[in-house]
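Colleague: Quick one: the structure is below, questions incoming.
The values are calculated or read from the model by the stated rules, or taken from the named source; none is laboratory data. Note that this is a predicted model, so its numbers are computed, not measured. Cβ sites come from the backbone with ideal geometry, for glycine too, and all protein chains shown count toward neighbours. When the accessible area is computed, the model is the full protein with side chains, heavy atoms only, and any ligands, DNA or RNA have been set aside. Shrake-Rupley method; radii C 1.70, N 1.55, O 1.52, S 1.80 Å.
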Amino acid sequence: MSRPHTIRLTMAQALVRHLAAQSIDIDGRRERLFEGCFAIFGHGNVAGMGEALYAEREAFPTYRAHNEQGMTHAAIAFAKQHRRRRMMACTTSIGPGALNMVTAAGLAHANRLPVLLLPGDTFATRKPDPVLQQVEHYGAPSTTVNDAFVPVSRYFDRITRPEQLLSSLPAAIDTLLDPVDCGPATLALPQDVQAEAYDFPAAFFDERVHRIRRPGLDEAELAAALDTLKRAERPLLIAGGGVLYSADACDRLAAFAERHGIPVAETQAGKGSLRADHPNNVGAIGVTGSTAANALAEQADVVIALGTRLQDFTTGSRALYMDHGPTLLGINVARFDAAKHGGQSLVGDAGVALEALEAGLADWQADAGWQDKLADERRDWLAIVERVTADDGAARPADSQVLGAVNRAAGENGTVVCAAGGLPGELHKLYQTTGPGSYHVEYGFSCMGYEIAGGVGVKMAAPERDVYVTVGDGSYLMLNSELATSVMLGHKLIVVLLDNRGYGCIHRLQGATVGVEFNNLFEGCNTAPDGAPEIDFAAHAKALGCEAEWVDGIGGLEAALDRAKAADKTYLIALKTDADKATAEGGTWWDVPVAEVSSREAVTERRAGYDNNKQRQR
Ligand SMILES: Cc1ncc(C[n+]2csc(CCOP(=O)(O)OP(=O)(O)O)c2C)c(N)n1
Ligand SMILES: [Mg+2]
């Protein structure tokens, strides 16, 4: 029986069916590329996309959430936890629903993470304009709020005719899968076009099995890189997110570092690529780095930047290792990143590059003295970690002590999740990972409100893991509603909420740059008399359907973590912490400009210090 050449479907039906037909080959296993779709409906998508998603609800499940930004955080976290090999779509209504998703698009863009965004859009025909929630541009009628996605999308199109899907949807999917271009792909869907029918070619709905491309190396660049490395005496390798996103790079990195005696430092996105207990792991690099990694960086003669964007936290705002002029060897799948800061480029996949370097370097090793320094610095740093994460009985513990307790509870099978506030820096410095999948910190955008929603996506991606969301009171108050989603979907999270009465890390940054307490902690804010909030976070989480409790100090936290592990639904533990404490050891300068003119001496003094640091910047 021959099949029909075409199938008559609406644009939305064709879109969903095509997505449901996409698979991916992961290490020889075939899996569905898209887990499904998060959706919050409104008039801009309930009729068109809603009908299409309902029809495919088995092969392409729909998940309801509570905030468009939150659901998109969850979708992005799902892809990050899957190391970009599986992903999700998100659909919104028009206007406010669509715009709520823009911040999350920025997050996916900065972190180079795949997510398919499907915001509803106003009528292509413009017949009933202006519709509810439509903004009007007097001089530009084709501009809609969805144009706000352009600067935060890797691919953007507006589907004004159903047949445009035939070219645009595969192009969007290619973007999501491309190791270089990877980021959010946005297809804005006018609400009338969603419901419009077209005779689509039947082949458009055939199963398609994708593989993630692993670009190879240029021979001349490889030879030059080998030449540089063979002459190196004091190499330091910085592992970025690109190591985790390359199929075999984590294993290759461990072998490479051991064989050649190279210290490995990690960025936020790369943390976990090498287990913390690996003898070559010298910890975090940069502004939130270990004493070990930063000391080695200051003396390295070759810095190998492997799969990193070299964000300012990694380079100490370009004052950490750049000033003494080591050779920077950028190994990256994207030439844009490989060539940063005047480095020597080796463009290609991280795992492919390590394999080729390994073959070419043969028995070359870093200097024996340098390898001794690696071991000494690492040992000294681990002693500091031990000390600052230990309980000292304080009523209001430091973030580091809370993270120590979480780290001990998480064991081999835990994944810690975070994004903004003082916690990411402490996690980067102190958290002892157990390899890929154990550390999930979004620090490309450092978006408050990622934590809980992101935790939902992590648990969806890795249901076998215990997911520990660590979140500040500020971030919690900004976006907590996906706690209810976690209960609704049965995706259990253990949430540890650190209540230091406000924006603690910005309060400390303000102290270092402005020298006053102003508008960060509740105590330094405009409030009505006796109006400083007393927020009962445990009662709040319970109201959303979670189990929750307040605890005192680290002893209380440890006992509660045991109860949380045994619980069968999302469990929030709140405790009071100290906003003024942060780990002093490690770290390096971060460029945050201090006012050049001020009537206050505190500021002029800080400006002098700032000008000094600027001198080191390259
Ligand atoms: C959406 C968003 N808005 C503002 C910021 C700037 N910011 C970074 S951390 C922070 C305070 C976070 O407070 P909290 O979550 O309580 O963590 P703490 O600093 O107290 O550890 C702010 C306002 C941000 N990162 N994200
Ligand atoms: Mg706080």
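Colleague: Counting only DSSP beta bridges with both residues in the chain, what percent are antiparallel, rounded to the nearest 5?
Modeller: Working: 10 of 76 bridges.
Expressed as a percentage, antiparallel bridges in the chain total about 15.
Colleague: Hey, got the dipole for the stretch 420-476? About the Cα centre, +1 on K and R Cβ, -1 on D and E Cβ, debye to the nearest 20? Don't skip to the answer; put the middle values down first.
Modeller: Values: 3 positive and 6 negative charges, 21 e Å.
Roughly 100 debye, rounded to the nearest 20.
Colleague: Report, in deg cm²/dmol and to the nearest 500, the calculated mean residue ellipticity at 222 nm for the chain, where each DSSP H run with n ≥ 4 adds -39500 (n - 2.57) and the sum is divided by the residue count. Please report the intermediate quantities before stating the final value.
Modeller: Numbers: 24 runs with 235 residues, N = 618.
Result for the chain: -11000 deg cm²/dmol, rounded to the nearest 500.
Colleague: While we're here: Calculate, for residue 617 and residue 131, the FRET efficiency according to 1/(1 + (r/R0)^6) with r their C-beta to C-beta distance and R0 51 Å; round to the nearest 0.05. Numbers along the way, then the final one.
Modeller: On the way: r = 51 Å, r/R0 = 1.00.
Step by step, r from the Cβ atoms, then E = 0.50.
Colleague: Also: With every protein chain present, what accessible area does residue 589 have (1.4 Å probe, heavy atoms only), rounded to the nearest 10 Å²?
Modeller: Taking all protein chains as shown, residue 589 has close to 40 Å².
Colleague: Let me ask something else about it. Between residue 519 and residue 164, 0.36 nm times their residue separation minus their Cα-Cα distance comes to what? Spell out each step's value before the answer.
Modeller: Working: separation 355, 0.36 × 355 = 127.80 nm, distance 4.97 nm.
Contour length minus the Cα-Cα distance gives 122.8 nm.
Colleague: Between the stretch 417-476 and the stretch 231-262, how many Å separate their Cα centres?
Modeller: That distance is 24 Å.
Colleague: Oh, and also: Could you tell me which of 390, 291, 172 has its Cα farthest along the dipole of the chain towards the positive end, charges placed at Cβ (Lys, Arg +1; Asp, Glu -1), taken about the Cα centre?
Modeller: Towards the positive end, the residue furthest out is 172.
Colleague: Subtract the Cα-Cα distance of residue 596 and residue 202 from 0.36 nm times their separation in residues, and report this length gain in nm to one decimal. Present the calculation step by step, with values, prior to reporting the outcome.
Modeller: Details: separation 394, 0.36 × 394 = 141.84 nm, distance 6.57 nm.
That works out to 135.3 nm of additional length.
Colleague: Right, another one. Could you work out the relative contact order of the stretch 123-270, using alpha carbon pairs under 8 angstrom and six or more residues apart, expressed as a whole percent?
Modeller: Across the stretch 123-270, relative contact order equals 18 percent.
Colleague: Here's another thing I want to ask about it. Expressed as a whole percentage, what fraction of the accessible surface of the chain belongs to carbon and sulfur atoms when a 1.4 Å probe is rolled over the protein heavy atoms? Walk me through the numbers on the way to the answer.
Modeller: Numbers: 12060 of 23870 Å².
That share works out to 51 percent.
Colleague: Return a whole-number percent for the relative contact order of the chain, with Cα pairs under 8 Å and 6 or more residues apart as the contact set.
Modeller: Details: 1375 pairs, mean separation 83.1, N = 618.
It rounds to 13 percent for the chain.
Colleague: Further, regarding this structure: Restricting to Cα pairs below 8 Å that are 6+ residues apart, what does the relative contact order work out to for the stretch 541-608? Please round to a whole percent. The partial results should precede the final answer.
Modeller: Values: 47 pairs, mean separation 17.6, N = 68.
Computed over the stretch 541-608, the figure is 26 percent.
Colleague: If you put +1 on each Lys and Arg Cβ and -1 on each Asp and Glu Cβ, how big is the dipole of the stretch 517-618 around its Cα centre, in Debye rounded to 20? Write out the running numbers ahead of the final one.
Modeller: On the way: 12 positive and 19 negative charges, 106 e Å.
The calculated dipole for the stretch 517-618 is roughly 520 debye.
Colleague: Residue 277 label point, 7 Å along Cα→Cβ, cut-off 17 Å on backbone N: hits in the stretch 375-403?
Modeller: Residues 379, 382-383, 385-386 qualify, since their backbone N sits under 17 Å from the label point.
Colleague: Do any GluC sites (Glu not before Pro) in the stretch 18-98 lie in a DSSP loop with no more than 11 other beta carbon atoms within 10 Å, and if so, which? Don't skip to the answer; put the middle values down first.
Modeller: On the way: sites: 31, 35, 51, 56, 58, 68; in loops: 56, 58.
Hits after loop and neighbour filter: 58.
Colleague: Using a 1.4 angstrom probe on the protein heavy atoms only, line up 590, 364 by accessible area, largest first.
Modeller: On the way: 590 90, 364 35 Å².
So the residues, ranked largest to smallest area, are 590, 364.
Colleague: Report ³J(HN,Hα) in whole Hz for each residue of the stretch 94-108, in order, from the Karplus equation J = 6.51 cos²θ - 1.76 cosθ + 1.60 where θ = phi - 60°; Gly and Pro get x.
Modeller: Each residue's phi maps through the Karplus curve to give 8, x, x, x, 5, 5, 4, 8, 5, 4, 5, 4, x, 4, 5 Hz.
Colleague: For the stretch 568-618, what class follows from the C-alpha gyration tensor (a ≥ b ≥ c being the square roots of its eigenvalues): rounded when a/c is under 1.5, otherwise prolate if a/b is larger than b/c, else oblate?
Modeller: Judged from the Cα gyration tensor, the stretch 568-618 comes out prolate (a/c at least 1.5, a/b above b/c).
Colleague: Sticking with this structure for a sec: Treating only the Cβ atoms of Lys and Arg (+1) and Asp and Glu (-1) as charged, compute the dipole magnitude of the chain about its Cα centre; round to the nearest 20 debye. Could the numbers behind the result be given before it?
Modeller: Details: 58 positive and 78 negative charges, 210 e Å.
Around 1000 debye, computed over the chain.
Colleague: Shifting gears a bit: Need one word for the stretch 525-613: rounded, prolate or oblate. Basis is the Cα gyration tensor (sqrt eigenvalues a ≥ b ≥ c); a/c below 1.5 gives rounded, then a/b vs b/c decides. Write down the numbers at each step before the final one.
Modeller: Working: a/c = 3.54, a/b = 2.00, b/c = 1.77.
It is prolate, given that a/c is not under 1.5 and a/b is the larger ratio.
Colleague: Order of 110-120, 180-190 by packing, highest average Cβ count within 10 Å first?
Modeller: Working: 110-120: 26.5, 180-190: 25.0.
Averaged packing, sorted descending, gives the order 110-120, 180-190.
Colleague: At 1.4 Å probe size, with every protein chain present, just tell me what the per residue accessible area of the chain comes to in Å².
Modeller: On the way: 23870 Å² over 618 residues.
With all protein chains present, the chain gives 39 Å² per residue.
Colleague: From the square roots a ≥ b ≥ c of the eigenvalues of the alpha-carbon gyration tensor of the chain, which class results: rounded (a/c under 1.5), prolate (a/b over b/c), or oblate?
Modeller: Numbers: a/c = 1.67, a/b = 1.25, b/c = 1.34.
It is oblate, given that a/c is not under 1.5 and a/b is not larger than b/c.
Colleague: I would also like to ask the following. From the phi of every residue in the stretch 350-362, what ³J(HN,Hα) in whole Hz does the Karplus formula 6.51 cos²θ - 1.76 cosθ + 1.60 yield, where θ is phi - 60° and glycine or proline is x?
Modeller: Calculated HN-Hα couplings, in order: 4, x, 4, 5, 4, 4, 5, 5, 3, 5, x, 7, 6 Hz.
Colleague: Taking the mean number of other Cβ atoms within 10 Å as a proxy for protection, how do you rank 593-605, 569-581 from highest to lowest?
Modeller: Working: 593-605: 12.3, 569-581: 22.2.
So the order, starting with the most tightly packed, is 569-581, 593-605.
Colleague: I'd like the trypsin sites (Lys or Arg not before Pro) in the stretch 196-264 restricted to DSSP loop residues with at most 14 other Cβ atoms within 10 Å, sorted by number. Could the numbers behind the result be given before it?
Modeller: Working: sites: 208, 211, 213, 230, 231, 252, 259; in loops: 211, 213, 231.
Sparse-neighbourhood loop trypsin sites (Lys or Arg not before Pro): 211, 213, 231.
Colleague: Provide the packing ranking of 129-141, 302-314, i.e. peptides ordered by the mean count of other C-beta atoms within 10 Å per residue, highest first.
Modeller: Values: 129-141: 11.3, 302-314: 24.5.
Per-residue mean Cβ counts within 10 Å order the peptides as 302-314, 129-141.
Colleague: Turning to a different aspect of this structure: Could you give the length gained by full extension between residue 394 and residue 367, i.e. 0.36 nm per residue of separation minus their alpha carbon distance, to one decimal place? It would help to have the intermediate numbers written out before the result.
Modeller: On the way: separation 27, 0.36 × 27 = 9.72 nm, distance 4.41 nm.
Taking residue 394 through residue 367 to full extension adds about 5.3 nm, to one decimal.
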